[in-house]
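K.L.:
Pasting in a structure now, in structure tokens, and then I'll have a few things to ask.
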Amino acid sequence: MWQLTAGSAALGLALAAVAVTAAGPWDSGQRTAERARAAAPAAGGARHAPPPAPAPSAPGVLTALHAPAPAGRPADLAALLVPLLADPGLGPLRTASVVDTATGKQLYGEGAGTPMTPASTVKIATSAAALSALGPDHRIATTVTAAPDGRTVTLTGGGDPTLDPARLKTLAADTARALTAHGHTSVRLTYDTNLYQGPSIHPIGPNENIAPVVALMTDEGRLDDSASGPAPRTGDPAGDTATAFAGHLTAAGIKITGDPAPGRTPKAAPLARTYSAPLSDLVEHTLTHSDNDLAEALARQTALARKKPASFEGAAQAVRDELARLGLPVVGARFADGSGLDRRDRVSATLLTGLLTRAADPARPALRPLLTGLPVGGFTGTLAGRFDTAPATEGAGLVRAKTGTLTGVNTLAGTVVTADGRLLAFAFLAGSTLSPYEAQPALDRLSAALASQG
């Protein structure tokens, strides 16, 4: 949702000048073009990473949120949307919800309460649950702890898939300094991934869109030099990370005896640690670039916060419970995963617009990253290549929305600012679609049509 008032074309052009990503649609459940990834600043020892810069669109979003709601009533949306929803490209199954965020009133609904396969729009729910349970300032820690005799150190995963080689190297340097200060220059290295439980392989099986879901990994288990999008993935992210960490320790003057092996974290204060970027930044990245690995991590962080097992099942229950605590309609909802790759996921259009309306509530600033992280139509993330043909171009820069695409499933949920400055939340879900190349333009036309209302 690029929340702009009427006459904001100039701001849209300014945003185009600073847009740095170009992401395309998903097909057959796979992202085919993500170009950017939020880089968490380095943080070694007990230091926190400096806060990341806000999303480029954040000032406009927050300004629009604090603007008073227009006094007039919006035009009748049924006359506008019914013909657009009848587009054959949307297939035989489609639901819709449009809500005025200032009042919470549903302005249009078509099967709005019917649970549908959401594809990647489920990331809105995953992100909302994490923000609600943990707060936007939460950071995920990766730690190193020494045994009481100092002969073994354990690298412990906290569930941060954004850990990168630079931070891992800094963590090793901090560990080496701490060991040397205590007179230890030769150690055995173990690594602990026991924070997560249950299967590590996503139900869709090994796939270039997601690494094994484990608590310790570097660069999301990528085996090439890509920063985002589909990529070959290692089958052992934790083992590879531990091996790389051992190499950094050796380079820092610490002798490693034997090979890194799985182990348990000693009950002692960590020697060193590194932190992810704040949860607000992680959520923005998850939504803008439809990051599957990070979405699964957010779901498990929610489970941990609510004392549930950090597994697919535990995360599903924790996310559902957290949304219920927010007073949202979860009857019929199912969160089989956090990313939306699982076709067993079910959410309603009403639930999605309810989440977005909660995020626009001035009394709930902790949920604001749900709005500032949404891709901007025609400019950023997974919407960078869309809203480029008339009449959908009317929504470019004005629509912010999370995309969702699996074979036969196409969805779009987000926000749009109308011609008179009214902020609307919308969700359009289509099933049994024949092609994303027909369904996606139809969804874009639906959301763009809302921008002309006043």
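Computed from the coordinates by the stated procedures, all read-outs in this text should not be read as laboratory data. Note that the structure is a prediction, hence the values are computed from the model and not measured. Note: ideal-geometry Cβ built from the backbone for every residue, glycine included; neighbour counts use all protein chains shown.
K.L.:
Would you mind ranking GLU296, GLU284, GLU208 so that the residue whose beta carbon has the fewest other beta carbons within 10 Å leads the list?
P.N.:
Least crowded to most crowded, the residues run GLU208, GLU296, GLU284.
K.L.:
If amide hydrogens are placed 1.01 Å from N in the peptide plane, which non-local residues have theirs closer than 5 Å to the one on ALA272?
P.N.:
VAL144
K.L.:
In addition: Please work out the Cα center distance from the range 146-210 to the range 389-454, rounded to the nearest Å.
P.N.:
If you average the Cα positions of each part, the centres end up 42 Å apart.
K.L.:
Could you sort 301-311, 100-110 so that the peptide with the highest average Cβ count within 10 Å comes first and the rest follow in order?
P.N.:
301-311, 100-110
K.L.:
Something else now. Using alpha carbons only, how many angstrom separate the centre of the range 220-252 from the centre of the range 293-362?
P.N.:
Taking the Cα centre of each part, the range 220-252 and the range 293-362 sit 29 Å apart.
K.L.:
While we're here: Just list whichever of LYS169/LYS308; LYS105/LYS307; LYS267/LYS308; LYS105/LYS402; LYS123/LYS169 have alpha carbons separated by over 27 Å in the model shown. Mind dumping the intermediate values first?
P.N.:
Details: LYS169/LYS308 32 Å; LYS105/LYS307 35 Å; LYS267/LYS308 22 Å; LYS105/LYS402 21 Å; LYS123/LYS169 31 Å.
Pairs exceeding 27 Å: LYS169/LYS308; LYS105/LYS307; LYS123/LYS169.
K.L.:
Given +1 on the Cβ of Lys and Arg, -1 on the Cβ of Asp and Glu, and no further charges, what dipole in debye does the range 141-275 carry about its Cα centre, rounded to the nearest 20?
P.N.:
580 debye
K.L.:
For the pair ALA269 and SER432, how long in nm is the line joining their label points, each one 7 Å along Cα→Cβ?
P.N.:
The two pseudo-label positions are separated by 6.4 nm.
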